[in-house]
Amino acid sequence: MFESAGISRWSICVFRRIVSPNGSKGPNNAFATRENCLVSVAKNKNMPNTVGVCMARFSRYRFARTCVFATICFVALLLSFRLLPSASADEKCLRIAMPEIYSDQQKLDLYQQVMKDAGLCVHAMALPQIRAIAALRSGRIDGVFAAKNDLPDMAKVAMVSGEVLLGSIAGYLVVRDGPIESISDLSTEVLGVPLGATWCVGIVEGYTNIVKVPRGTAMLQEMLAEGRIDAMLADAYSLGLTGGVADGYKAIQVDHFDVHSWLKVEFADLRPKFDQGTSAYMALVNR
């Protein structure tokens, strides 16, 4: 009868739920396999049209199982996202500014590596000191490498200095040979100062004929030789890097300051590791 209607027994099994001739469910309603379904079709030729689908049971089961699996995956994904911020907070990288004119990418990478060896995650960036101070105030960095001892007053941020002395550096006024012996002897002369330097801020206070020059001491020396400025300020370290004082000029000491690395006070407990990394870095760059 099934075949004459163009419908296989298995198709009937798929579209209808099998019941016994008296309308009750079959034994244990066990249609767990295609074979059981076909057997039931064979035994129950007068199937009522009011019954369900044999395979709907399995489809519902597969759908429910898929939903449960998808729900578990979704919950696990949400939990993983909630846990990520905690891990990041625990492994916070200190943002440390280094003097722009002394820091190429190789030195920044070296600094980060020695700090990692000391047990600290550090992200180093090159910034002029004046911009580093602004970044400290705004919370964009956590510390400064190679800043002088009045940094907390200038930044107006509570900070702790490292125990490693990076250097005691003299500041110089460089002018042509002649009568000028100090800043106070300057009157109409154009004085060039390194853009972003903080050590000379107090020295030039009150003197108005000032030009702030980017690219540090090298550019200042070039402008001085060309006559575009009459005098310049430079620290001893920078002068040493650029070949010192040219013939026909003299360097007059106008300042002296100690240089340390600094961290915001909330990171004071990291200072031992910070000092360890700083010592290792200085040993490598001075080698």
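The values are calculated or read from the model by the stated rules, or taken from the named source; none is laboratory data. Keep in mind that what you see is a predicted model, and the values were worked out from it rather than measured. Cβ sites come from the backbone with ideal geometry, for glycine too, and all protein chains shown count toward neighbours.
Condition check: of a type in the set (D, E, K, R), out of contact with any helix residue (DSSP H, G or I) (no Cβ under 9 Å at 6 or more places or on another chain) and assigned by TED's automatic domain parsing to the domain that holds Arg271. Does Asp153 satisfy that? Before the answer, list the steps.
Numbers: of a type in the set (D, E, K, R): yes; out of contact with any helix residue (DSSP H, G or I) (no Cβ under 9 Å at 6 or more places or on another chain): yes; assigned by TED's automatic domain parsing to the domain that holds Arg271: yes.
Answer is yes for this residue.
It is to be established whether one or more residues within region 173-186 are under 24 Å from Thr217 (Cβ atoms), free of Cβ contacts under 8 Å to residues at least 60 places away in the same chain, in a strand (DSSP E or B) and among the β-branched types (Val, Ile, Thr).
No, there is no match, as no residue in region 173-186 is under 24 Å from Thr217 (Cβ atoms), free of Cβ contacts under 8 Å to residues at least 60 places away in the same chain, in a strand (DSSP E or B) and among the β-branched types (Val, Ile, Thr).
Tell me which helices (runs of 4 or more DSSP H) are completely within region 215-287 and hold 1 or more residues being outside the structural domain of Gln112 (by TED's automatic domain parsing) and at positive phi, or say none if there are none.
In region 215-287, 216-226 are the helices (runs of 4 or more DSSP H) which contain 1 or more residues that are outside the structural domain of Gln112 (by TED's automatic domain parsing) and at positive phi.
For residues that are free of Cβ contacts under 8 Å to residues at least 40 places away in the same chain and assigned to a helix (DSSP H, G or I), tally how many sit in region 136-172.
4
Can you find a residue that is within 22 Å of Pro128 (Cα to Cα) and in a strand (DSSP E or B) anywhere in region 195-211?
yes
Quick one: is Val164 of a type in the set (A, V, I, L, M, F, W, C), surrounded by 14 or more Cβ atoms within 10 Å (Cβ to Cβ) and within 23 Å of the chain's Cα centre (by Cα)?
no
Considering every residue within region 180-199, establish whether at least one is outside the structural domain of Pro99 (by TED's automatic domain parsing), at pLDDT below 95 and aromatic (Phe, Trp, Tyr).
Yes, the conditions are met somewhere in region 180-199.
Look at Val53 and say whether it is modelled with pLDDT under 85, farther than 19 Å from Leu284 by Cα and surrounded by 10 or more Cβ atoms within 10 Å (Cβ to Cβ).
Details: modelled with pLDDT under 85: yes; farther than 19 Å from Leu284 by Cα: yes; surrounded by 10 or more Cβ atoms within 10 Å (Cβ to Cβ): yes.
Spelling it out, Val53 is indeed modelled with pLDDT under 85, farther than 19 Å from Leu284 by Cα and surrounded by 10 or more Cβ atoms within 10 Å (Cβ to Cβ).
For the subset of region 115-135 comprising residues that are among the aliphatic types (A, V, I, L, M) and part of a strand (DSSP E or B), which member is surrounded by the fewest Cβ atoms within 10 Å (Cβ to Cβ)? I'd like the intermediate steps shown before the answer.
Taking region 115-135 and keeping what is among the aliphatic types (A, V, I, L, M), we get 115, 118, 120, 122, 124-127, 130, 132-135.
Among the residues that remain, those that are also part of a strand (DSSP E or B) are: 122, 124-127.
Working: Val122: 23, Ala124: 24, Met125: 15, Ala126: 18, Leu127: 22.
Across region 115-135, the extreme among qualifying residues is Met125.
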